[in-house]
Amino acid sequence: MAFLYQPKLFQVKSTKTHTLKMADTSFHTRDILQVDGFLDGELVHVLVNHWPSRSGGEKESAPKRDAAADLCRSAVQAIYKEEPDARIIVMGDLNDDPVDESLMKHLKIKTKPENVSQGDLFDPMWQLFRDGVGSLAYRDSWNLFDQIIVSSALMDKKSDGYRYLKAKVFNKKFLIEKDGPYAGYPFRTYSGGVYTGGYSDHFPVYLFLVKEIR
């Protein structure tokens with residue numbers, strides 16, 4: 001896992017990793033990377049995720065992503081225990097859509113801003129997915145595996161600090177395959193083992209944070 005940042009705007013305070021351990025000791029997956037630092041002077045906690053893939057089948061592999069969501073939720077709760085109003089950003093390729101059980105029942109996201117209370121996590125990608133927006137396509141069906149989720153403190157409009165405004169999928173024309181059977185899909189770097197000169201089989205996602213000048 002990696003976390004890229006602009007040193008002029010973000011200063012790292014500390015880092016740690018959270019390792020997913022399952023009953024099947026032969027299974028290994030990526031750690032969750034936690035980066036605590038100061039965004040323009042404000043303490044922010046970022047959890048970078050890449051949950052287990054759907055290899056072997058979506059339903060068959062779901063327990064692994066559920067376990068990864070439980071681990072992420074545990075990391076969030078540990079931060080909240082020390083800092084009840086923590087500004088937390090959960091981000092990454094979750095290999096599940098916002099409507100899946102790993103997000104809804106295990107990470108316990110909220111899907112509407114008006115339902116967010118202290119200690120909750122809000123997933124703005126849920127509405128994007130419901131509106132038909134995706135970050136990757138498979139067999140002519142769109143998924144939104146790439147997500148950015150924010151804590152309740154980043155939803156507080158009365159806060160003097162940064163707060164969440166909106167989230168988007170970056171799907172500009174130059175990132176889209178123009179021809180062939182995958183026209184309209186993300187323009188990937190390789191296709192069938194052949195270099196095609198594209199960027200990725202996923203579109204990037206991003207969010208806007210704003211701060212009022214008082």
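The values are calculated or read from the model by the stated rules, or taken from the named source; none is laboratory data. These figures come from a predicted structure and were not determined experimentally. Counting neighbours? That spans all protein chains shown, and the Cβs are built from the backbone with ideal geometry, glycine included.
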> Can you find even one residue in the stretch 165-180 that is at pLDDT below 90, part of a loop (DSSP other than H, G, I, E, B) and closer than 22 Å to Gly134 by Cβ?
Replying inline: yes
> Which condition number does Arg30 fail, the rest of (1) under 30 Å from Ile213 (Cα atoms); (2) in contact with a strand residue (DSSP E or B) (Cβ under 8 Å, 6 or more places away or on another chain) being met?
Replying inline: (1)
> Which numbered condition trips up Leu209, out of (1) under 20 Å from Gly134 (Cβ atoms); (2) in a strand (DSSP E or B)?
Replying inline: (1)
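Looking only at the stretch 1-51, filter to residues that are in a strand (DSSP E or B) and aromatic (Phe, Trp, Tyr); which one of those is farthest from Leu121 (Cα to Cα)? I'd like the intermediate steps shown before the answer.
Step one: list which residues in the stretch 1-51 are in a strand (DSSP E or B), which gives 10-18, 32-39, 42-50.
Keeping just the survivors that are aromatic (Phe, Trp, Tyr) gives 10, 38.
Values: Phe10: 22, Phe38: 20 Å.
Ranking the candidates gives Phe10 first.
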> Of all residues in the stretch 52-85, which are of a type in the set (Ser, Thr, Tyr) and either under 15 Å from the mean Cα position of the chain (by Cα) or in a helix (DSSP H, G or I) (or both)?
Replying inline: Ser53, Ser61, Ser74, Tyr80
> So which of Val133, Val210 ends up being surrounded by fewer than 19 Cβ atoms within 10 Å (Cβ to Cβ) and either touching a His at 6+ places or on another chain (Cβ under 7 Å) or closer than 21 Å to His45 by Cβ (or both)?
Replying inline: Val210
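Look through Ser141, Ser117 and report the one residue that is out of contact with any helix residue (DSSP H, G or I) (no Cβ under 9 Å at 6 or more places or on another chain) and hydroxyl-bearing (Ser, Thr, Tyr).
On the way: Ser117 fails: out of contact with any helix residue (DSSP H, G or I) (no Cβ under 9 Å at 6 or more places or on another chain).
Of the residues listed, the single one that is out of contact with any helix residue (DSSP H, G or I) (no Cβ under 9 Å at 6 or more places or on another chain) and hydroxyl-bearing (Ser, Thr, Tyr) is Ser141.
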